[in-house]
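Trainee: The following block contains the structure, expressed as structure tokens.
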Amino acid sequence: MNIDENRFNPGVFRNIVIDRNGKMGRDVCEIMAAAINAVNPYQCVKDAVGLYGQRLMVGELEIDLSRYERKFIIGFGKASVPMAKALIEIIGQKFNDAFVLTKNKKFQEEFDKFQSLKIFLGGHPLPTRDSVNSTQKILSRLPGLTETDLVFVLISGGGSALFTDPMGGISLEDLQRMTQILLECGADIHEINTLRKHLDRVKGGHLVRRLAPARILSLILSDVIGDSLDMIASGPTVPDPTTFQDAMTVIEKYDLSQQMPISIIETIEDGMGSRIEETLKPQSSDLASVSNFLIGSNIKAAGAAANKAKELGYNTQIISSQLTGDTESTANFLGGIIMSVISHCVPLKRPACLLFGGETTVKMSGKGKGGRNQDLVLRMVKELADKPGILFTSLATDGEDGPTDAAGASADNLVFKDSKKKLNQSIQEFIDNNDSYHFFSKIGGLIKTGATGTNVNDLIIILIK
């Protein structure tokens, strides 16, 4: 797929489980493609920004470009490259500098087509040395800014790990350890980012202070439940309602005080004692020069999926775009809804398409390989065993489910029987070892799209004949 085009081929979603479901399998591929295409970051920027002479329109905001002597782009996240390319095409090669920080090396392939775009690489889901070095290089290459400068900040999912500059005294290893501990204990993204914002020089609105007094326009693609702008990439240009005390509360909630690196605890305690400046608050005068715009989110993807499902003949409903919770309880919840449709045609008559957006969490107990979407589908296998005519799919819209090369997985009623024949371990053993990836690799249920270039949480699609 050319990342500049609003086209994602339905064929890339296919696997053995999907293919054996005939029309229903082809339909789910069409639905997934429609969802990903709807939040193509290149197209989201094109839809949100317009240029009319020297008048730049972003939503209801009008900017006179002639007032600004210099123009810059800073982008970070998995979608930063296509977002930057779209903006450069709209405004033209008129930027003094354009820096983007992303994860996937494939986005450097078209570098020569955009000479003004400088692409840096970092790591995700854990920050890496490249993340820190690239962030510091970008900031150091910016000149001193004035009120006659205009800075576009392009923010997308993955930005918290990619764009990072730890506070003094906090090593990269400490930051990695903290992130890993929080991921393993089941903390949600709001809790994780509450800590991140209070341990970094660019998060929690700190980037605004770095760019002041320049005019700042932020275009944001959401990967956070509820689209809280202060949580997306840990809110570099957004006022932060959380405090150092809130960060400590997260640590205490999960009883992590003894596991956390001492530098993390000491920094938060210094903040609670007012020895470190708090994050940017809503009353700050620095915010007068900042405008933040949400240009894409999970509900947009889910809406496109729903439209395609209706077009294909399904009674369709988006049940929620804010599904959260651990995969075990989520699987029980979804199993109940499936039974309600089968037994009582509630909330829909068949053929039905149930859609959910959001992000679950996984309780880590084993040493296997997998992601939250694969884990959720694995927990649904037994539930589907005696229910023919159902295809259950869950995928990450960025194409990367946890630390794997899969976007997610699909299951039908035959997966349970296949596992009995092909595998030496029980399904429960795979669940206990958090090894959903190898389960579906052997069964043929993995969805592998490669990086999609966007990121708006996860999508669950349940088709019922």
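Quick note: the coordinates plus some simple rules give every number you see, no bench work behind them. Treat the numbers as computed from the prediction; the structure is a model and nothing was measured. No Cβ is skipped: glycine too gets one built from the backbone with ideal geometry, and neighbour counts run over all protein chains shown.
Trainee: Rounded to the nearest 0.05, what FRET efficiency is calculated for residue 141 and residue 249 with R0 set to 30 Å and r the Cβ-Cβ distance?
Mentor: 0.20
Trainee: Estimate the FRET efficiency between residue 288 and residue 106 by the formula 1/(1 + (r/R0)^6), using the beta-carbon distance for r and 35 Å for R0, to the nearest 0.05.
Mentor: Efficiency at R0 = 35 Å is approximately 0.35.
Trainee: For the chain, what proportion of DSSP beta bridges, expressed in % and rounded to the nearest 5, is antiparallel?
Mentor: So the antiparallel bridges in the chain amount to around 45 percent.
Trainee: Now, a different point. In debye to the nearest 20, how big a dipole does segment 271-323 give about its Cα centre with +1 on each Lys and Arg Cβ and -1 on each Asp and Glu Cβ?
Mentor: Using only the charged Cβ atoms, the result is roughly 240 debye.
Trainee: How would you order 438-449, 91-102 from highest to lowest mean count of nearby Cβ atoms within 10 Å?
Mentor: Going by the mean number of other Cβ atoms within 10 Å, highest first, we get 438-449, 91-102.
Trainee: A further question follows. List the residues, sorted by chain then number, that are 5 or more residues from residue 409 or on another chain and whose placed amide H is less than 5 Å from its amide H.
Mentor: Amide H to amide H, under 5 Å and 5 or more residues apart or across chains, residue 409 pairs with 394, 447.
Trainee: If packing is taken as the mean number of other Cβ atoms within 10 Å per residue, what is the order of 325-337, 34-46, highest first?
Mentor: Listed from highest to lowest mean packing, they are 34-46, 325-337.
Trainee: Let me ask something else. For residue 130 and residue 20, compute 0.36 nm times the residue count separating them, minus their Cα-Cα distance, and round to one decimal in nm.
Mentor: 35.3 nm
Trainee: R0 = 45 Å: FRET efficiency of residue 90 with residue 429, Cβ-based, nearest 0.05?
Mentor: 0.25
Trainee: If you don't mind, another one. What is the fewest-to-most order of 13, 392 by other Cβ atoms lying within 10 Å of their Cβ?
Mentor: The order, fewest Cβ neighbours first, is 13, 392.
Trainee: Once phi is turned into θ = phi - 60°, what whole-Hz ³J(HN,Hα) does the Karplus curve with 6.51, -1.76 and 1.60 give for every residue of segment 394-408, x standing for Gly and Pro?
Mentor: These are the phi-based 3J(HN,Hα) values: 9, 8, 8, 5, 8, x, 10, 9, x, x, 10, 9, 9, 7, x Hz.
Trainee: Taking the Cβ of residue 24 as the centre, find all other residues whose Cβ is under 12 Å away and add up their charges (Lys, Arg: +1; Asp, Glu: -1).
Mentor: After counting each charged neighbour, the total is +1.
Trainee: Relative contact order for the chain using alpha-carbon pairs under 8 Å, separation at least 6, rounded to a whole percent?
Mentor: 16
Trainee: OK, next. Which listed residue (216, 244, 282) has the Cα farthest towards the positive end of the charge dipole for segment 200-286, taking +1 on Lys and Arg C-beta and -1 on Asp and Glu C-beta about the Cα centre?
Mentor: Going by the Cα projections, it comes out as 216.
Trainee: How far is the Cα center of segment 52-93 from the Cα center of segment 111-164, in Å?
Mentor: Rounded to whole Å, the Cα centres lie 16 Å apart.
Trainee: Suppose we look only past 42 Å in the calculated P(r) of the chain. What percent of the Cα-Cα pairs does that tail hold?
Mentor: Tail of the P(r) past 42 Å holds 17 percent of the pairs.
Trainee: Here's another thing I want to ask about it. In nm, give the distance between the simple-model label positions of residue 266 and residue 228, each being 7 Å from the Cα along the Cα-to-Cβ direction.
Mentor: Modelled inter-label distance: 2.9 nm.
Trainee: Related question: If one computes the Cα centroid of segment 263-329 and of segment 352-381, what distance in Å separates the two points?
Mentor: 20
Trainee: Then there is this: How far, in degrees from 0 to 90, does helix 372-384 lean away from the longest principal axis of the Cα atoms of the chain, to the nearest 10?
Mentor: Rounded to the nearest ten degrees, it is 20.
Trainee: So for segment 5-159, what percent of the C-alpha to C-alpha distances run longer than 29 Å?
Mentor: Of the Cα pairs, 30 percent sit more than 29 Å apart.
Trainee: Decide, for segment 320-465, between rounded, prolate and oblate: order the square roots of the alpha carbon gyration tensor eigenvalues as a ≥ b ≥ c, take rounded if a/c falls under 1.5, and otherwise choose prolate if a/b is larger than b/c, else oblate.
Mentor: Taking the square roots of the gyration eigenvalues as a ≥ b ≥ c, segment 320-465 is oblate.
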